Amino acid sequence: MKALTVIASMLFLSMQASALSFDNDVPKAIQDQMVQDLDFANQITSTGQTPFHKEIYKEVSGSAYKSFFESHITAVGLDSCGGGAAVACVQPFFNPHKMWLTQNFIKFSHPQVARMMVVYHEARHSETNNGNWGHDTCPRPFLDANGKDMASIWTGSKLEGQPACDSTYKGSYGSSTIMLKNISKFCSNCSDKVKMDANIYATDQLGRIDRADVKKAMLADFESN
């Protein structure tokens, strides 16, 4: 029975891999890692959700996340995405349903739920009907509550003056924040470590929302249910 379970799992991962096309220059280890990350997302179950999450993803569940991602991203490549601190990008003028990873995605080590945050963030950028949810330029200066420079949790790069903020909860930073906050609150088959990581990265990404009224609405949403 154990052998059959392992074989079934391998077949499932193989099916996942075939559903997502990878360019040859994407390292095999990164391909396998992404397939496993998406497999993790596809198995999530929950006990509830917040209204903003329902609006964007329908429900906190593997089937909803699978449907969302597969309807947005079909291929993954490797690119500089303009260089600098970029971790990943979508280039809608080339192919709105292809996500590009940079060396920053490859060389920095982050928890699985954080990697998931990145790929769902980029998936939101594939929505050409919504102008690909372009980012705001972060203000100068861009300081946290303690008066320190806001920096990327992924690379450590300063964010002031960079196109790395959102003014809506529906954009890439807002939607991925909402996803992670809901996983931290409602995931019923996640470990405490996964829920803790989800909350840490969601709290960080909330700092990318540059409108006080939108941030306030998101905080209220997280306290609902």
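Determine the calculated [θ] at 222 nm for the chain from helices alone, applying -39500 (n - 2.57) to every DSSP H run no shorter than 4 residues and normalising by the residue count; nearest 500 deg cm²/dmol.
-15000 deg cm²/dmol
With the chain treated as a Gaussian network of Cα nodes joined by springs under 10 Å, which of 143, 159, 38 yields the largest mean-square fluctuation?
143
Enumerate the lysines that residue 58 could reach by cross-link, defined here as Cα to Cα under 26 Å, with residues fewer than 8 away along the same chain left out.
66, 98, 170, 181, 185, 193, 195, 215, 216
Calculate how large, on average over all directions, the projected area of the Cα convex hull of the chain is; give the answer in nm² to one decimal.
Quarter of the Cα hull surface area: 12.7 nm².
Quote the accessible area belonging to residue 69 in square angstrom, nearest 10, computed with a 1.4 Å probe and with ligands, DNA and RNA left uncounted.
Here the accessible area works out near 10 Å².
Could you do me a favour and compute the accessible area per residue for the chain, 1.4 Å probe, result in Å²?
Per-residue value: 48 Å².
Ordering 153, 200, 183 from largest to smallest accessible area (1.4 angstrom probe), what's the sequence?
Listed by decreasing accessible area, they come as 200, 153, 183.
On the protein heavy atoms, probe 1.4 angstrom, tell me the percent of accessible surface of the stretch 54-191 carried by carbon and sulfur.
49 percent
With unit charges on the beta carbon (Lys/Arg positive, Asp/Glu negative), name the residue among 212, 44, 108 whose Cα is farthest towards the positive pole of the charge dipole of the chain.
In the chain, that residue is 44.
Work through the residues other than residue 203 whose Cβ is under 13 Å from its Cβ and net out their charges, Lys, Arg +1 and Asp, Glu -1.
Neighbour charge sum, excluding residue 203 itself: +2.
Return the percentage of antiparallel bridges among DSSP beta bridges fully within the chain, rounded to the nearest 5 %.
Beta bridges within the chain, antiparallel portion: roughly 50 percent.
Checking the a/c ratio against 1.5 first, then a/b against b/c, what shape does the Cα gyration tensor give for the stretch 93-220?
rounded
Roughly how many debye, to the nearest 20, is the charge dipole of the chain about its Cα centre, given +1 on each Lys and Arg Cβ, -1 on each Asp and Glu Cβ, and no other charges?
280 debye
The values are calculated or read from the model by the stated rules, or taken from the named source; none is laboratory data. Keep in mind that this is a model prediction, so the values were computed, not measured. In this analysis, Cβ positions are derived from the backbone assuming ideal geometry, glycine residues included, and neighbour counts consider all displayed protein chains. Heads up: the accessible areas ignore ligands, DNA and RNA and are worked out on the full protein's heavy atoms, side chains in. Shrake-Rupley method; radii C 1.70, N 1.55, O 1.52, S 1.80 Å.
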